[in-house]
Amino acid sequence: MKRLVTACAIAALAAAATPVFAAPAQVQAEATRNAVSPALASVLADYEAYLRAVDPINAGMEGDRGALSRLPDGSRAFEVAQEPVLRGFADRLAAIDPAGLSDDDRLNHTFLTYVLLRSLARIPLDTGRIDAFNSEGGPGQSLAYVANVTRIATAADAEAWIARLEAMPASYAAPLANARRGLETGLVQPRSIVENALTLVEPEAVLTPDADPLLKPFATLPASIPAAQQAALRERAARAVREGIMPQRREWARFLREDYLPRAPETLGLVHRPGGREMYAYLVRGYTTTDLTPDEVHAIGLQEVARIRARMDVEMRAAGWTSDFASFLAFLRSDPQFYVTSREALMEKAAEMAKRADDGLPALFGTLPRLPYGVRPVPREIEANYTTGRYNPGSMENGVAGGYMVNTSSLNQRGLYELPALTLHEAVPGHHLQIALQQEAEGGPYFRRSVDVTAFVEGWGLYSEFLGEEMGFYRTPYERFGRLSYEMWRACRLVSDTGIHWLGWDIEQARACFRDNSALAPLNIETELQRYIGRPGQATAYKIGEIRLRAIRTRAEAELGDRFDIRRFHDALLVDGPLPMALLDARMDRWIAEEKARPVD
């Protein structure tokens, strides 16, 4: 996913400090309207001003024009300097007695306390040492994403993007310093991750202006900008890339190839790194938003593998297969009927499924987002190490639709039996619907419109695949098997991520779960494994979140009986934005009680 600024970025940004910011008058007024407690309203308003200052990416997506010319500071010095500011916010919240707050205020008080304490706990761990890059690249790929969601509609927009281009050398310098510190302290990515990153970083170091993703926003400029001014703007942008960014790209590639790769170990997991067990346990708690230990997560994964496998056997028989499970997987991975032969054909299949998913939304949701989404191919410069699909958030304020990204490379690895589940997860009712509603949740405090609660966000995506059954979306036993294969993929994530980073597994031990229990193509299995190795803990969020969401729904159905309304239930889950699992349980228990007391229409 992800999406909005991801958990790592939020932790780094929300873990960042500068002097305490005074909130603008309109921010103070909005927070006061949404919070009964003046003291809490003051904290929320000040924290909003703080986030807008340290997180210009999300602030810009929210329509803050000044933020569009700035980039976040990812340096370790900046992160460390945040501790007193974040501590100050936490202390101000601690001075407010939650017992005297309204239900909504108490939830916001508890949620922001959780965010702050998580951010404070992250600072001593210095996770930037391994966050500097992963199998999908490093700073260049992150900046290319920002370029992809940048739209130039005025000369001021063009000036803002040039300002960001001119600031980008620092966006390379910070992760370079962080990665060097990792080498010095032994907290390093393994060799396979470095090799994967280099396949993206080295081509980036020799990009020509006509292929540079950072110059894409200038491809089409509005006619309101005179031709001579357009030419001048394009030249300034090209100069910023040529003179400021290209040297940093070359140095980043040289560093990974000559300094980092020779010292990168073959061993995979954090368990093999100094302080790695403490860091991994922290990451699992954060990504799952629970107090589950890695051992408990591993056990849940094994239980889910066994449960899902039994259901897969049922669908395999429904497809008429009379031989064994392994041969059925081989059939799915190789038979031409399950694959297209052109990129265009895959995009057409994905687009048809996306529109069919749109058609099913009103029966399940009372509130839908205003922001539309498009179906787009993954850019070819990053597709080799990219996942099968993903979602990129848009911005109504900046005129950018959300994006369901479809990987159209290696077509013999993109089984059509998986495409329905992928579409439901990444587009609707999955990430686009949930994230766009979160962005549009103007009734709550600012921090809740951009915070990434990975267990909820990814749990919702996986829950959305399950909703496809109720939508009648899966038309054949193969597509239903594909849905279960995707669920098995997430169960194996629990097993393999904890296996690698907590139990010290090698790649073959981790690979076996996916190969033997899912229909994932070999390329996708390898891509995903490298993703888990390079981003410890993130893979544990999906299944833990989905299990909790489905448990909440089961509880609501049992307690409400005939009064259960699926549209009202989904609105209660989504409209106010995601929450950590314990807070979500409490909020939905309150909703169930309110539904019981609501007069029958």
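The values are calculated or read from the model by the stated rules, or taken from the named source; none is laboratory data. Worth saying up front: this structure is predicted, and the values here are computed from it rather than measured. Please note: Cβ atoms are built from the backbone with ideal geometry, for glycine as well, and neighbour counts cover all protein chains shown. Heavy atoms of the whole protein, side chains included, go into the accessibility calculation; ligands, DNA and RNA do not. Shrake-Rupley method; radii C 1.70, N 1.55, O 1.52, S 1.80 Å.
Only one of these is under 28 Å from the mean Cα position of the chain (by Cα) and basic (Lys, Arg): ARG311, ARG343. Name it.
That would be ARG343, the only listed residue that is under 28 Å from the mean Cα position of the chain (by Cα) and basic (Lys, Arg).
Considering only region 17-29, I want to know if a residue exists there that is touching a Ser or Thr at 6+ places or on another chain (Cβ under 8 Å), at pLDDT 95 or above and either assigned to a helix (DSSP H, G or I) or crowded, with 19+ Cβ neighbours inside 10 Å (or both).
no
Cβ-Cβ under 8 Å, sequence separation 6+ or interchain: first residue in region 524-538 and within 13 Å of PRO190 (Cα to Cα), partner of a type in the set (Gly, Ala, Ser) and surrounded by fewer than 23 Cβ atoms within 10 Å (Cβ to Cβ). Which pairs?
Short answer, once both residue conditions are applied: GLN530/SER192; ILE533/SER192.
Regarding region 333-346, can at least one residue be identified that is within 20 Å of GLU479 (Cβ to Cβ), touching a Ser or Thr at 6+ places or on another chain (Cβ under 8 Å) and either of a type in the set (Gly, Ala, Ser) or surrounded by 15 or more Cβ atoms within 10 Å (Cβ to Cβ) (or both)?
Yes, some residue in region 333-346 is within 20 Å of GLU479 (Cβ to Cβ), touching a Ser or Thr at 6+ places or on another chain (Cβ under 8 Å) and either of a type in the set (Gly, Ala, Ser) or surrounded by 15 or more Cβ atoms within 10 Å (Cβ to Cβ) (or both).
Does ARG568 satisfy being open to solvent by 10 Å² or more (accessible area, probe 1.4 Å), within 24 Å of GLY468 (Cα to Cα) and part of a helix (DSSP H, G or I)?
yes
Need the failing condition index for CYS513 against (1) hydrophobic (A, V, I, L, M, F, W, C); (2) open to solvent by less than 70 Å² (accessible area, probe 1.4 Å); (3) out of contact with any Cys (no Cβ under 8 Å at 6 or more places or on another chain), just the number.
Failed condition: (3).
Taking the condition of being under 29 Å from the mean Cα position of the chain (by Cα), part of a helix (DSSP H, G or I) and crowded, with 18+ Cβ neighbours inside 10 Å, how many residues in region 199-236 meet it?
8
Among the residues of region 457-483, what is the count of those that are open to solvent by 30 Å² or more (accessible area, probe 1.4 Å), free of Cβ contacts under 8 Å to residues at least 60 places away in the same chain and touching a Gly at 6+ places or on another chain (Cβ under 7 Å)?
Adding up the residues that qualify gives 0.
Restricting to region 101-159, and then to whatever is among the aromatic types (Phe, Trp, Tyr) and surrounded by fewer than 21 Cβ atoms within 10 Å (Cβ to Cβ), can you tell me which residue is nearest to ALA39 (Cα to Cα)? Write out each step before concluding.
Here is the first cut: in region 101-159, the residues among the aromatic types (Phe, Trp, Tyr) are 111, 114, 133, 145.
Adding the requirement that they be surrounded by fewer than 21 Cβ atoms within 10 Å (Cβ to Cβ) leaves 114, 145.
Working: TYR114: 18, TYR145: 38 Å.
Result: TYR114.
Under 6 Å between Cβ atoms, at least 6 apart or on separate chains: pull out the pairs that start in region 308-326 with a residue that is closer than 24 Å to LEU494 by Cα and charged (D, E, K, R) and end on any residue that is open to solvent by 60 Å² or more (accessible area, probe 1.4 Å) and modelled with pLDDT of 95 or more.
Going by the 6 Å Cβ cut-off, the qualifying pairs are GLU315/ARG480.
Quick check: is even one residue across region 262-280 farther than 28 Å from PRO379 by Cβ, part of a helix (DSSP H, G or I) and acidic (Asp, Glu)?
Yes, region 262-280 contains at least one residue that is farther than 28 Å from PRO379 by Cβ, part of a helix (DSSP H, G or I) and acidic (Asp, Glu).
Going residue by residue through region 484-493, is there one that turns out to be more than 20 Å from LEU520 (Cα to Cα), part of a helix (DSSP H, G or I), open to solvent by less than 10 Å² (accessible area, probe 1.4 Å) and in contact (Cβ under 8 Å) with a residue 24 or more places away in the chain?
No, region 484-493 has no match at all.
Just checking, which of ALA510, ALA519 is on the phi < 0 side of the Ramachandran plot, of a type in the set (Gly, Ala, Ser) and part of a helix (DSSP H, G or I)?
Working: ALA519 fails: part of a helix (DSSP H, G or I).
The match here is ALA510.
Give region 351-388 a look and list any residue that's at pLDDT 95 or above and of a type in the set (Asp, Glu), or say none.
Scanning region 351-388 gives GLU352, ASP358, ASP359.
Which ones in region 452-469 are over 16 Å from ILE566 (Cβ atoms), charged (D, E, K, R) and assigned to a helix (DSSP H, G or I)?
GLU458, GLU465
Give the number of residues within region 359-375 that are open to solvent by 40 Å² or more (accessible area, probe 1.4 Å) and either touching a strand residue (DSSP E or B) at 6+ places or on another chain (Cβ under 9 Å) or without any contact (Cβ under 8 Å) to a residue 40 or more places away in the chain (or both).
Total meeting the criteria: 5.
Restricting to region 52-66, name every residue that is surrounded by 21 or more Cβ atoms within 10 Å (Cβ to Cβ) and out of contact with any Leu (no Cβ under 7 Å at 6 or more places or on another chain).
Selection gives ARG52, ILE57, ALA59, MET61.
Specify the residue that is farthest from ARG390 (Cα to Cα); the eligible residues are those in region 498-510 that are surrounded by 22 or more Cβ atoms within 10 Å (Cβ to Cβ) and of a type outside the set (A, V, I, L, M).
TRP502
Looking at THR32 and the list (1) modelled with pLDDT of 50 or more; (2) in a helix (DSSP H, G or I); (3) among the β-branched types (Val, Ile, Thr), which single condition is not satisfied?
Against the list (1) modelled with pLDDT of 50 or more; (2) in a helix (DSSP H, G or I); (3) among the β-branched types (Val, Ile, Thr), THR32 comes up short only on (1).
Does any residue of region 526-534 turn out to be open to solvent by 10 Å² or more (accessible area, probe 1.4 Å), farther than 30 Å from ASP565 by Cβ, touching a helix residue (DSSP H, G or I) at 6+ places or on another chain (Cβ under 6 Å) and part of a helix (DSSP H, G or I)?
yes
Among (1) open to solvent by 20 Å² or more (accessible area, probe 1.4 Å); (2) without any contact (Cβ under 8 Å) to a residue 60 or more places away in the chain; (3) not aromatic (Phe, Trp, Tyr), where does VAL378 come up short?
All conditions pass for VAL378, except number (1).
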